[in-house]
Amino acid sequence: MSDKATIEINGKKYDFPILVGTENEQAIDISKLRAITGGVTTIDPGFKNTGSCESGITFLDGEKGILRYRGYSIEELANKADFLEVAFLLIFGELPTKEELDQFHEDIKENSIVDDDIRKILDAFPKAAHPMGILSSLTSALTAFNPSNDQINNIDYERSKKALYDNIVKVLGKIPVLVTWTYRKKHGLPLEYGDNSLGYVENILKMMFKKPNKDYEENPVIVKALNKLLILHADHEQNCSTSTVRIVGSSHAGLFASISSGISALWGPLHGGANQAVLEMLEAIKADGGDTKKYMAKAKDKSDPFRLMGFGHRVYKNFDPRAKIIKVTADEVLNDLGVEDPILDIAKDLEKEALSDPYFVDRRLYPNVDFYSGIIYRAMGIPVDMFTVMFALGRLPGWIGQWREMRLKKEPIGRPRQIYTGPNHRTFKSVMD
Ligand code: ACO
């Protein structure tokens, strides 16, 4: 295998090193291209073929449908691990010992109190506000209540390390409270604090669903399903929201501010917002008589903006391994809870038709993680506009781990180039003249 690539520009040849990852992925390192060619740059809208960093966190092979966190397969983690164990793994690089995991959980619990003034900010939101907008704003507001320095600096590295750890456990402690408060406010329920005797996932469910003046009964089927969903969502290398978190953090903005931006990036229907969009699409098909063929035709019609939500992925071109796990989980959860959801049948019909339709086969469009996750969330009793918020909850360890890696590696500020296509120089003439 060659260790260099040669690019010829206007008859002149330039050599560039080739980087090889631990799974033998190759990348041409063009970081010096502009300097040595006197101003030539590259262009790649949507970064379809641009690596932004070297990362040791998540490996995925879109052709083979492989997804691994720190070397562990997603199938094994989803079926055997606890979400907090996976969070520790993603953030710090290795699975925790029992003592480390217990300490991590203790620290998260200790840091889960949310300042009462945050309640006042929450109260100021109109009832119709989308939960993702509320969550992003409240996460950003946390900065004002936690002004500790979460920068990593060379001068006082030990102090920085401690401040960073404190902020990590604060994010994992406080954001679930904000998520459940957002849900409770929308449903006119009094706000709940956590129950420190419970596991992380169990506590989230209790904070969300505990009815006033009623005992709360835990449902192990729902706990297991949420644990799995959170693990499946925990990281996905340099996707839109994670790249946002890294690029915001690259300006040395703090962890809360960076994660708040990640939440906004996740909100869009082409990314995490797809789980809400899928459910709304399935509902619309049902309300329209359940004619899946009609919607397949709309999805293929280039003059119609309709897309089959939950289908297609930037990197998975054979199957999304998370979708495989989630499809089985959706069946299990609906069976266990005795829920008969006609939406699931519509989803299965659409999937079947798409998998044998040349339009989808030729473009290698397969169901992604969001195609079935909404059906599970709905069976759990989570409202549609909270689906993406649940995704954000799961993605926290990934965002934190990627932010921490970027800062520890002292990556430079993210600042892409462009090719200017606007007017050439012209003279200003005021309308006032
Ligand atoms: N329905 C119909 N056609 C589609 C779909 C779809 N869901 N997805 C892609 N296509 C078509 C495009 O129209 C395009 O066709 P063309 O080549 O004839 O012009 C071709 O497939 C390639 O599509 P792109 O948009 O160029 O692919 P890209 O990699 O940029 O986008 C994306 C990937 C955004 C996920 C896209 O497939 C999509 O919009 N899917 C629906 C939204 C969705 O489910 N998003 C969740 C992704 S998973 C996640 O973020 C957690």
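Worth a mention:
- Looking at region 100-194, the helices (runs of 4 or more DSSP H) lying wholly inside it that each contain 3 or more residues that are closer than 19 Å to ALA87 by Cα, assigned by TED's automatic domain parsing to the domain that holds GLY262 and open to solvent by 10 Å² or more (accessible area, probe 1.4 Å) sit at 157-186.
- Residues satisfying the stated conditions in region 56-79, i.e. in contact with a helix residue (DSSP H, G or I) (Cβ under 6 Å, 6 or more places away or on another chain) and modelled with pLDDT of 95 or more: ILE57, LEU67, TYR69, ARG70, ILE74, LEU77, ALA78
- Some residue of region 242-259 being touching a Pro at 6+ places or on another chain (Cβ under 6 Å), part of a loop (DSSP other than H, G, I, E, B) and open to solvent by 10 Å² or more (accessible area, probe 1.4 Å): no
- Number of the exception - SER31 against (1) of a type in the set (Gly, Ala, Ser); (2) more than 25 Å from LYS409 (Cβ to Cβ); (3) more than 21 Å from the chain's Cα centre (by Cα): (2)
- Just one of the listed residues (LEU393, LEU408) is surrounded by fewer than 16 Cβ atoms within 10 Å (Cβ to Cβ) and touching a residue at least 60 places away in the same chain (Cβ under 8 Å), and it is LEU408.
- Some residue of region 347-366 being crowded, with 18+ Cβ neighbours inside 10 Å, more than 11 Å from the ligand (Cβ to nearest atom) and aromatic (Phe, Trp, Tyr): no
- Beta carbons closer than 9 Å, at least 6 apart along the sequence or on distinct chains, pair a first residue in region 184-200 that is of a type in the set (S, T, N, Q) with a second that is part of a loop (DSSP other than H, G, I, E, B) and surrounded by 17 or more Cβ atoms within 10 Å (Cβ to Cβ) for ASN196/SER112.
- Any hit, region 318-325, residues being under 14 Å from PHE360 (Cβ atoms) and near the ligand (Cβ under 8 Å from one of its atoms): yes
- Residue within region 66-75 that is without any contact (Cβ under 8 Å) to a residue 12 or more places away in the chain, open to solvent by 30 Å² or more (accessible area, probe 1.4 Å) and in contact with a strand residue (DSSP E or B) (Cβ under 8 Å, 6 or more places away or on another chain) present: yes
- Any hit, region 234-252, residues being under 25 Å from SER356 (Cα atoms), hydroxyl-bearing (Ser, Thr, Tyr) and either more than 10 Å from the ligand (Cβ to nearest atom) or in contact (Cβ under 8 Å) with a residue 40 or more places away in the chain (or both): no
- Some residue of region 63-75 being of a type in the set (Val, Ile, Thr) and more than 16 Å from the ligand (Cβ to nearest atom): yes
- Residue, nearest to HIS271 (Cα to Cα), within region 1-25, restricted to residues that are surrounded by 13 or more Cβ atoms within 10 Å (Cβ to Cβ) and touching a residue at least 24 places away in the same chain (Cβ under 8 Å): GLY21
- Test: residue in region 369-383 that is within 14 Å of the ligand (Cβ to nearest atom), within 13 Å of the chain's Cα centre (by Cα) and modelled with pLDDT of 90 or more: no
- Members of region 361-381 that are in contact with a Gly (Cβ under 9 Å, 6 or more places away or on another chain) and either assigned to a loop (DSSP other than H, G, I, E, B) or in the same structural domain as PHE209 (by TED's automatic domain parsing) (or both): ARG363, ARG364, LEU365, TYR366, ASN368, VAL369
- Among the residues of this structure, TYR420 counts as one that is in a loop (DSSP other than H, G, I, E, B), hydroxyl-bearing (Ser, Thr, Tyr) and surrounded by fewer than 24 Cβ atoms within 10 Å (Cβ to Cβ).
- Screening the candidates ALA297, ALA323, ALA354 for the property of being modelled with pLDDT of 90 or more, in a helix (DSSP H, G or I) and within 21 Å of the chain's Cα centre (by Cα) yields one hit, ALA323.
- Test for SER303: is it part of a helix (DSSP H, G or I) and within 15 Å of the ligand (Cβ to nearest atom): no
- Extreme residue, most open to solvent (accessible area, probe 1.4 Å), among residues of region 278-293 that are in contact (Cβ under 8 Å) with a residue 60 or more places away in the chain and within 13 Å of the ligand (Cβ to nearest atom): GLU280
The values are calculated or read from the model by the stated rules, or taken from the named source; none is laboratory data. A quick note: this is a predicted structure, and the numbers were derived from the prediction, not measured. Cβ coordinates were reconstructed from backbone atoms using ideal geometry, including for glycine residues, and neighbour counts include every protein chain displayed. Side chains included, ligands, DNA and RNA excluded: accessible areas come from the protein's heavy atoms. Shrake-Rupley method; radii C 1.70, N 1.55, O 1.52, S 1.80 Å.
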